[in-house]
Amino acid sequence: MDYLGRDIKKLGFGLMRLPQKDGKIDIEQTKQMADMFISKGFTYFDTAYVYGENGESEKAMREAVVERYPREMLQLASKLPVWCCKTKEDMKKVFETSLNRTGAEYFDFYLQHSLDREKLKKLDELGAWEFVSELKKQGYVKHMGFSFHDTADVLDEILTKHPEQEFVQLQINYNDWESDTVQSRKCYETARKHGKPVIIMEPVRGGSLAVLTPEIQKIFKALHPDMSIASWAIRFAASLDGVITVLSGMSDIEQMQDNISYMEEFTPLGDQERKAVAKAAEILKNTPTVPCTGCKYCVDGCPMKISIPDIFSAYNKLKVYGNKEFTKKQYDENTAEKGKASDCIECGQCESVCPQHINIIETLKEASEAFDN
């Protein structure tokens, strides 16, 4: 099939979650990871104006990649955040800053960043679509597109109005494939209906699909005992038609080594493997969770200032994915300046206003057992 980016290898290096050392990007480890990546024939690097404090991600692209390899062998991507701009002059400054930080000279792929229905108004007001089109005419951008976080009908609206957009970056993974909110499948099918190739982000769902419950691990290990759990998520995404590349936000050399091990000579999922992934997705979908909708009625009157919905969100992820390290980090972040689950004094105020009639007191005890001990 002939489409934009068909010759790019199906693993892209996302520079949003780079290795850290002393609170900053570990540039030496990042260089080693870039060397390993490029030595195996991979060439796509993705960053953004807003990644990292003071643009550290874009600077890391320059130091670890651009200054060390011929520009023509790389595909470099960055993004325009319209929420950081009030005027056309602001957009120009943002783009020039990204160009200077990365040292890229031009971007192979340049994206309107994180579009949804609300941001569309801002793009139209600023003339952002026309701004990037002009950059393309001037040679500063080779291919223009956008990353997207909304429903399929909004995506259809954008692509109908803007057929000049050459590609779409979508959140696609097997857990969100049939999601009513993320709508991975519907968005993918909409992009393909408009003839647009797709770059995939969040294939491992921020790391949550890298460590799963023993029941799901058993399904995957029965077919490939030596392959990582994360490999199933990335291969699922890369097996779709019309995919330019699948971005993985690799945070250390071990993750890079693992991804390369099965993506260097990528093989799409076979029938048995597809059935295994579908079974895993079904188990995830049917895992019992706390039916919290995040309305926060319970929060306002809590004397201990416990952010109950945030705690339940972390607890639900633990129940579904079984990833203690990942969910404990979320729990700690959401209780750092607020009450912990163990701080509950069982006053019952929260339960009296909960529209879902959740047994909040007992569920907080369960969450405390999981995270506070």
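Observations on the structure shown:
- Cα-based helix-to-principal-axis angle, 253-263 vs the chain, degrees rounded to 10: 70 degrees
- Going from the fewest other Cβ atoms within 10 Å to the most, the residues ARG68, ARG101, ARG192 appear in the order ARG68, ARG192, ARG101.
- Binning the C-alpha pair distances of the range 297-371 at 5 Å intervals from 0 yields a P(r) profile of 3, 18, 30, 25, 16, 7, 1 %, listed from the shortest bin outward.
- GNM result for the chain, Cα springs below 10 Å: residue of PRO70, PRO197, PRO309 fluctuating most strongly: PRO70
- For the chain, CYS84, CYS85, CYS187, CYS292, CYS295, CYS302, CYS344, CYS347, CYS354 have no disulfide-compatible partner, since no other Cys C-beta lies under 4.7 Å from theirs.
- The fewest-to-most ranking of MET263, MET36 by surrounding Cβ atoms within 10 Å reads MET36, MET263.
- MRE, 222 nm, helices only [DSSP H, n ≥ 4, -39500 (n - 2.57), over the chain, to nearest 500]: -13500 deg cm²/dmol
- Taken over the chain, the percentage of Cα pairs per 20 Å bin, counting from 0 up to the bin with the maximum distance, is 26, 56, 18, 0.
- Eigen-decomposition of the gyration tensor built on the alpha-carbon atoms of the range 34-167 gives equivalent ellipsoid semi-axes of 26, 16, 14 angstrom, largest listed first.
- Rounded to the nearest Hz, the phi-derived 3J(HN,Hα) couplings of the range 177-186 under the Karplus curve 6.51 cos²θ - 1.76 cosθ + 1.60 (θ = phi - 60°) are 4, 10, 5, 6, 9, 6, 6, 4, 5, 4, where x marks glycine and proline.
- Cleavage-rule hits (chymotrypsin sites (Phe, Trp or Tyr not before Pro)) in the range 170-276: DSSP loop, at most 16 neighbouring Cβ within 10 angstrom: PHE266
- Taking the charge dipole of the range 297-371 about its Cα centre, with +1 at Lys and Arg Cβ atoms and -1 at Asp and Glu Cβ atoms, the residue from TYR315, ALA341, THR363 reaching farthest to the positive side is TYR315.
- Among the GluC sites (Glu not before Pro) in the range 75-160, those located in a DSSP loop and surrounded by at most 14 other Cβ atoms within 10 Å of their own Cβ are GLU105.
- Whole-Å distance, taken between Cα centres, linking the range 284-298 and the range 148-194: 25 Å
- By the compact-protein rule of thumb, 2.2 N^0.38 Å, the alpha-carbon radius of gyration of the range 128-226 corresponds to a ratio of 1.36.
- Kirkwood hydrodynamic radius (C-alpha pairs) into Stokes-Einstein, the range 204-361, 20 °C and 1.002 mPa s, D in µm²/s: 120 µm²/s
Every number in this text was worked out from the coordinates using simple rules, so none of it is lab data. Note that the structure is predicted; figures quoted are calculated from it, not measured. Backbone-built Cβ (ideal geometry, glycine too); neighbour counts: all protein chains shown.
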